[in-house]
1. When the dipole is taken about the Cα centre of region 199-299, and only Lys, Arg (+1) and Asp, Glu (-1) are charged at their Cβ, what size is it in debye, to the nearest 20?
2. Work out the charge dipole of region 451-597 with +1 on the Cβ of Lys and Arg and -1 on the Cβ of Asp and Glu about the Cα centre, then indicate which of Ala583, Val522, Ala595 is farthest towards its positive end.
3. Rg/Rh for region 254-441 to two decimals, with Rh computed the Kirkwood way over all alpha-carbon pairs.
4. What shape does region 1-114 have by the C-alpha gyration tensor, where a ≥ b ≥ c are the square roots of the eigenvalues, rounded means a/c under 1.5, and otherwise prolate means a/b greater than b/c and oblate the rest?
5. So if I place +1 on the C-beta of Lys and Arg and -1 on the C-beta of Asp and Glu, and nothing else carries charge, what would the dipole magnitude of region 6-76 be about its Cα centre? I want it in debye, nearest 20.
6. Rounding to the nearest 20 debye, state how big the charge dipole of the chain is about its Cα centre with +1 on each Lys and Arg Cβ and -1 on each Asp and Glu Cβ.
7. Please label the shape of region 3-246 as rounded, prolate or oblate, based on the square roots a ≥ b ≥ c of the eigenvalues of the alpha-carbon gyration tensor (a/c under 1.5 means rounded; beyond that, a/b larger than b/c means prolate, else oblate).
8. Of all DSSP beta bridges located in the chain, what percent are antiparallel, nearest 5?
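The values are calculated or read from the model by the stated rules, or taken from the named source; none is laboratory data. Quick caveat, the model's predicted, so the values are computed rather than measured. Cβ placement follows ideal geometry from the backbone for every residue including glycine, while neighbour counts extend to all protein chains displayed. Surface areas here come from the heavy atoms of the whole protein model, side chains and all, with no ligands, DNA or RNA. Shrake-Rupley method; radii C 1.70, N 1.55, O 1.52, S 1.80 Å.
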Amino acid sequence: MCGIVGYAGGRSALDVVVAGLRRLEYRGYDSAGIAVLADGGLAAAKKAGKLANLEELLEGQPLPAGSTGIGHTRWATHGGPTDLNAHPHLDNAGRVAVVHNGIIENFAALRAELAERGHALESETDTEVVAHLLAEQFSSSADLAEAMRQVCRRLDGAFTLVAVHADEPDVVVGARRNSPLVVGVGQGENFLASDVAAFIAYTREAIELGQDQVVELRRDTVTVTDFEGKPAEVRPYHVDWDVSAAEKGGYDYFMLKEIAEQPKAVADTLLGRIGTDGRLTLDELRMPDRLLREIDKIVIVACGTAFHAGMIAKYAIEHWTRVPCEVELASEFRYRDPILDQRTLVVAISQSGETMDTLMALRHAREQGSKVLAICNTNGSTIPRESDAVLYTHAGPEVAVASTKAFLTQVVACYLVALYLGQVRGTKWGDEITGVIRELSEISTQVEQVLETMEPVRELARSLKDKNTVLFLGRHVGYPVALEGALKLKELAYMHAEGFAAGELKHGPIALIEKDLPVVVVVPSPRGRSVLHDKIVSNIQEIRARGARTIVIAEEGDEAVVPYADHLIRIPRTPVLLQPLVATVPLQVFACELATARGNEVDQPRNLAKSVTVE
Ligand code: F6R
């Protein structure tokens, strides 16, 4: 939520910062703004709406050329998405500019205090107080990094702050508590950003900033301290993807590109994790086998799509390891006093690694003595940093707000963890594990096959563009798939979409069925638990009898569904537990096409942001 860029170097700061903001726009698109240090002063421009509005403004009123600057793309929290509330925020003299991601919880008290001292604050934001506090502190120290440390010690909440001061024209200062901030280290230039995507076109060398650290950036130096001014240890790392991965590559939307990348994402997530002897080698997990043998409960915490991946994982974990597994929305977890101890393994699933609800849940679990394993797609982000162990999904950067390839890889990574647990705890024989791994390895090709047959799904989506409601039904692992299909449709097509466990149909939801209502049904394989298959075929008949338009997702060769399907979407045959990896794909394509047909912004749906860094 909110994207931040800072630059100190030899290029035009305006160009670098605007290019960086373009790559971070997925984090928020309520407004955008920039400040550049030039000619002994500070020039700023900001505009409500997408970055394009700011670019248009800058064309008419260009900022002076300078090589130090900061920028921001906003997801509004305090104050509506107006020009006035857009970042950067300046002090009254217009010498300091600051951008912010997060929430400053004690801003009302600070604001009252500043007003008493004669400061005039103009916006409704929590951020503006920081510009004024920095100006005050700078007037005594003439050192922006020191001023930032002093100010941070007074702030409560979650914040990433990046600031410049006209009296230190070569310096950008950043501070980090809870929200993300990374440094890009170039040759004679350095960068600050919420995400490496902002500077990947210039450098792939990065430094992770830790909790409660302040960084002073000059073109040739990067100095990191804690909030007290003590030099801090930092961890440099190399970003292993390049700029092409952060671009659309010929697709109209990032989402389409990311859907198409799923076969590779799945294959990459399996890569290097299977030894020549067929045994799983998850060395990077950094969690001793002894510990994994001792756990007696697994609790998965996650939000949104990642939560659905966790729901699917539960079936496999319990089936393969016989360890009880709960799945809980991270936002609910710590508020109900969950029962946790040293023998509980908490698995936190997050694409971004920055979701605040998930972060807070894992902190709570660790305080109770539980070990936390993160499943994450973003190297160096906060969730894996604060976990005891991590397994990275190798989906590559996911830019579209609606999660697609990350979801498939989260399921695969959870399955790897489940199999590994089975391996170390002896609940799965080596040949069984090898068998499942072989099946998982085939999924990539099967997803490719699904992607090749999507034209009828797109056509169907277009034909439903004027509908108001679509329902989704599933059973067993198909139930979370139904929930995921509904979530994709809500967030992209802004339609009323709900997913149900098919067995619950007669306990209420069937009352919703009316003539021509589209209902998508995810049908389990007839070859697995055939009783489930037969029950869902009955459900299809029940809703069709009441007028529903049935859209049936069923595996190749399942003839029993044919008479009751108004639309039939075929998926390849897979083992029961792996079906979500192929069955979700048509639902992603369906939602994307419906959103396009309704004229919606696919990559940047209204009111949403990719990474939810506030609770
Ligand atoms: C939906 C979606 C969200 C995220 C959720 C968690 O398409 O993208 O529901 O899945 O906000 O985000 P991460 O995985 O970054 O923790």
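1. Dipole size: approximately 200 debye.
2. Val522
3. 0.94
4. Taking the square roots of the gyration eigenvalues as a ≥ b ≥ c, region 1-114 is oblate.
5. 260 debye
6. 1460 debye
7. Cα axes put region 3-246 in the rounded bin.
8. Counting only bridges with both partners in the chain, antiparallel ones make up about 60 percent.
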